[in-house]
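Note sheet for the following structure.
Readers should treat all values here as calculations from the given coordinates under stated rules, not as data from a laboratory. These numbers come from a predicted model, not from an experiment. All Cβ positions, even for glycine, are placed from backbone atoms using ideal geometry, and neighbour counts span all protein chains on display.
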């Protein structure tokens, strides 16, 4: 035990966080695999829809997390306290708005996505404000590079969702999709562990200087727009397939998406490390490009490896993860993984530029995200066509990011 503690102390906080993220991603995949095997393709389509909505929430919450992380580096003293109060109010206010809209739109969403009940949307809606509160907590830990607490909050959310959902599905004989919604909602409560929030934060009279408040609002607005493009690019395909195809095809495609997105979920941990490092180096007047090159290199090698494995062993991967009922998706696995890999690499460039307050890549992502929706709306005769459209869009996005980066380097 003593040897283990000594070894643990020698591991850097960043590596511990990376290990924690890999464990969280593994747990999230186990969660989806259990749902896929327990429910079968048709019922899994509804569960996967809820998981997709959870991903949409995570992108929206990332706006507040990244803003908190950035200004935790830039602000201190009374400025930080005033900002902390402001960001909590913004996050809870926005969370309540999203929750109310989701609750009110439940009937409409039921018809659009062909679900059996609107109750699953209403259940998720009630817990939405907690997610945004949790995102601010995570942003504080990320900005302060407190990777221990940051890891814990992701672990508590993931494990509670996994264990509670499995327990509910095994022991409660009601609609599986409704039980999945309950499990997701309850996991937000556990995701608040740990938290250092004090209720007095809301009532202390603090005011952020007008110029700094303007800087905060600008960053939040542009980051929110970028996260919206992330939602469109990363989730519109699953939602549109659920709309255009029957339940079985939608369930099969959902399994493909969950496997193929492994690159993106692993790349996300590099974004967590990238932003505070780049902001701090810019603040200190140091070069930031080497940080970008390091993480792009990591993701490039990772992406190439995953695409290759998916191309060589597609049937084995799908059979092990979801079972033989999903094998029809085997030929598309490496292609979907390629689309996700291209997106993950371009995403690192976009967050790098956001860290430096450069926002043109955000607009480019918005254009490509919209183009992806339009293309799928016109070209969705087969699932193969849906995947091909995404590959084309992601190649264009990455080329655009590389051109912009090259232009910025020439100016320096």
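Numerical summary
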| item | result |
| --- | --- |
| Length released on extending from residue 205 to residue 357, taking residue separation times 0.36 nm less the Cα-Cα span | 51.8 nm |
| Spread of Cα-to-Cα distances over 20 Å intervals beginning at zero, given as percent, for the chain | 26, 60, 14, 0 |
| Helix-only mean residue ellipticity at 222 nm for the chain, each DSSP H run of n ≥ 4 adding -39500 (n - 2.57), per residue, nearest 500 | -29500 deg cm²/dmol |
| Added length on full extension, which subtracts the Cα-Cα distance from 0.36 nm per residue, residue 78 to residue 388 | 106.4 nm |
| Gain in span if fully extended, residue 116 to residue 378, counting 0.36 nm per residue against the direct Cα distance | 91.6 nm |
| Three-way shape label, region 205-251, alpha-carbon gyration tensor, a/c 1.5 | prolate |
| Cα gyration tensor shape for region 127-278, rounded if a/c is under 1.5, else prolate or oblate | prolate |
| Simple spin-label estimate for residue 320 and residue 171 in nanometres, 7 Å along Cα-Cβ | 3.2 nm |
| Calculated FRET efficiency for the pair residue 37/residue 126, C-beta based, R₀ 25 Å, to 0.05 | 0.30 |
| Inter-label distance, nm, simple model (7 Å from Cα along the C-beta direction), residue 284/residue 308 | 3.5 nm |
| Mean-position separation - Cα centroids, region 201-280 and region 110-178, in angstrom | 16 Å |
| Neighbour-count order for 79, 249, 111, fewest beta carbons within 10 angstrom listed first | 111, 79, 249 |
| The chain - percent relative contact order, Cα under 8 Å, separation 6 or more | 21 percent |
